[in-house]
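Participant: Sharing a structure here in structure tokens format.
All of the numbers you see were taken from the coordinates with simple rules; none came from a lab. The structure presented is a predicted model; accordingly, all values stated were derived computationally and were not measured. Here the Cβ positions follow ideal geometry from the backbone for every residue, glycine too, while neighbour counts run over all protein chains shown.
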Number of protein chains: 2
Amino acid sequence: MTSPFCTEDEISHAAVTPLACPVCQLMALQPAVSLGRPIRLQATRQRLRRHGQLFQAGAQFGHLYGVHAGQLKTCTTAPDGRQQVAGFHLPGDLLGLDGIASGTHACDAMALEDSLVCAVPYAGLMDLLAQQPEMERWFCKVMSAQLVRDQRVMSWLGGMRADARLANFLLDMLRRLQAHGFSGVALVLRMTREEIGSHLGLKLETVSRAFSRFQAAGLLAVNQRDIRILNLDGLRQVGGQVP
Amino acid sequence: MTSPFCTEDEISHAAVTPLACPVCQLMALQPAVSLGRPIRLQATRQRLRRHGQLFQAGAQFGHLYGVHAGQLKTCTTAPDGRQQVAGFHLPGDLLGLDGIASGTHACDAMALEDSLVCAVPYAGLMDLLAQQPEMERWFCKVMSAQLVRDQRVMSWLGGMRADARLANFLLDMLRRLQAHGFSGVALVLRMTREEIGSHLGLKLETVSRAFSRFQAAGLLAVNQRDIRILNLDGLRQVGGQVP
DNA sequence: CGCGAGCTTGATGCCGATCAATGCATGTGG
DNA sequence: CCACATGCATTGATCGGCATCAAGCTCGCG
């Protein structure tokens, strides 16, 4: 069931579900489907320490990365040097898709905590997709899902105030974590207030104040990076507030 | 050279370059590459009047659309009903990619002016891609390029003030139009101030004031929707301003 | 012509940025 | 073990940019 390339040792994590990594899923499915001339994906797993860099903007693109365990962030760098967190990536996410367009990575990827990723060569993946219509469809869906996710974030940035942005961010994280077997009422943020703020177009002080307001309103119990949801409907209501 | 499905009549447009529509490019390339068993794409062209709707959020996804002539916008609708312009689409752009993920369109698409689009069935396209590695790579690049574009817009919304957002928006439009043979120093906006504002996370009054400031600074000559660039470097400078 | 959609400009207020100080947890070396 | 440094979070005071409300203005069109 599990792939020989991605074992679950080395990194201890609260709940690493089997095949959380999309690369592993891909490779597990592969022998079952490829009946003609099987292509072996030369995937390798890679260990990352906290703050370790997976790839860098401008570097040559050659691999996609599946998050097996841990969490990462991707950061875009504007021409003037300002950095911004483009997204956070949980187990099961596929990283590096933005490098396909130009052949060089368009953002930096850095681990928020000790993490385990699976690297799959893009050329080999393309060859495999060409042979496997099922996987071709799967891959296009993954890219499309990323587009939809980005549109959601754009709607936060474009039309919501601080509290609503943070509420939606938390609800989004909850949903994604829950999809991988984590609790639906508690979460441990692996990123700083500053990183959250950078992602949401806010300053860290504003994020902190929003957390305090949520706690005062009885929506959350906040203890540093440990968050417990006390009033989910209330949080949803804040997330849907119009100016 | 040109495809039988997408002729250039019906819509008169300043400069419709041959094969501006990606669907047409696709179909023109097809016979040259597909030597084994050719798959014929059942593409159809579709005429859209100003404010005509191409597809609607929630509607079943089945086709991708290449913009042959004219301009369109896509709008996301938040759960609370607020609408936001997700993007503007020029000749040569491919629309509907966000529907692949879930099988239903994630946004509305509406024509800003009389337009001509080419609809290609997604299932047929997938079949074709499976046979044509070149086209598979091309399609993945198109999706990735859209991801990179969205990341750029996110960086505008998250980290820039009104003037910088508008400057970057104009520079982006110029670049895209120039890539299709239009002038690099003048452009005619097909969208209202309100639509620009919605896309940039600003109110229409703020967009209007920014235009006025640009004109006062000698960067632009603004006449309603006719924009002429007077100082490109100055505009770039505004686009890179830090708070 | 008169209507209306879209654009411009002004006055005012609020939200979030900014500057600044403090608190709190972790880690490190004496 | 303590003293100290460091990174991160919280809270307060103040300021500025953009939203908001409101009033004309322009232009296209029936």
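Participant: For chain B, report the translational diffusion coefficient in µm²/s to the nearest whole number, using Stokes-Einstein at 37 °C, 0.692 mPa s, and a Kirkwood Rh over Cα pairs. Could you put the intermediate results ahead of the total?
Facilitator: Values: Rh = 19.1 Å.
Roughly 172 µm²/s, to the nearest whole number.
Participant: Ok, one more. Mind checking A:138-145 for the average number of partner chain beta-carbons within 10 Å of each residue's beta-carbon?
Facilitator: Averaged over the peptide's residues, the number is 6.
Participant: Of B:R176, B:R82, B:R225, which is the most mobile in a GNM of chain B whose springs link Cα atoms less than 10 angstrom apart?
Facilitator: B:R82
Participant: Compute the Cα gyration tensor for segment B:171-243, then decide on rounded, prolate or oblate, letting a ≥ b ≥ c be the square roots of its eigenvalues: rounded whenever a/c is under 1.5, prolate when a/b is larger than b/c in the other cases, and oblate in all that remain.
Facilitator: Rounded.
Participant: Round to a whole angstrom and tell me the spacing of the C-alpha centers of segment B:50-82 and segment A:100-154.
Facilitator: Using only Cα atoms, the two centres lie 25 Å from each other.
Participant: Tell me the distances, shortest first, between B:Q42 and the same position across the other copies, using label points 7 Å along Cα→Cβ, in nm to one decimal.
Facilitator: 4.2
Participant: Can I ask one more? With a 10 Å Cβ neighbour count serving as the proxy for reagent exposure, in which order, fewest first, do A:C140, A:C107 appear?
Facilitator: A:C140, A:C107
Participant: Any idea what Rg and Dmax come out to for segment A:105-243 if you just take the C-alpha atoms, in Å?
Facilitator: When restricted to the Cα atoms of segment A:105-243, Rg and Dmax are 17.8, 56 Å.
Participant: Which residues among segment B:191-206 fall inside the zone where the amide N is under 13 Å from a point 7 Å beyond the Cα of B:R225, along Cα→Cβ?
Facilitator: What the label zone holds, given the 13 Å backbone N cut-off, is B:191-196.
Participant: Oh, and also: Using modelled amide H (1.01 Å from N, peptide plane; none on Pro or chain starts), what sits under 5 Å from the amide H of A:A186, excluding residues fewer than 5 places away?
Facilitator: For A:A186, whose amide H was placed from the backbone, the distant partners under 5 Å are A:I229.
Participant: Would you mind computing, in nm to one decimal, how far apart the modelled labels at B:T192 and B:D127 are, each placed 7 Å from Cα along Cα→Cβ?
Facilitator: Once both label points are built, they end up 4.3 nm from each other.
Participant: Could I ask something else about it? Cross-link candidates for B:K141: which lysines have Cα within less than 30 Å, leaving aside residues fewer than 8 places away along the same chain?
Facilitator: Excluding near neighbours in sequence, the set is A:K73, A:K141, B:K73.
Participant: At A:R152, with labels set 7 Å past Cα in the Cβ direction, how many nm apart are the copies from this one, shortest first?
Facilitator: 2.5
Participant: Report, for A:R82, each distance to the same residue's label point in the other copies, shortest first and in nm; define the point 7 Å along Cα→Cβ.
Facilitator: Result for A:R82, in nm, nearest copy first: 2.1.
Participant: In which sequence would A:K203, A:K73 go, from the one with the fewest C-beta neighbours within 10 Å to the one with the most?
Facilitator: Listing A:K203, A:K73 from fewest to most nearby Cβ atoms yields A:K203, A:K73.
Participant: In addition: What shape does the protein assembly as shown take by its C-alpha gyration tensor, where a ≥ b ≥ c are the square roots of the eigenvalues and a/c under 1.5 counts as rounded, a/b above b/c as prolate, and the rest as oblate?
Facilitator: oblate
Participant: Setting aside same-chain residues fewer than 8 positions from B:K203, which aspartates and glutamates have a Cα under 12 Å from its Cα?
Facilitator: Excluding near neighbours in sequence, the set is B:E194, B:E195.
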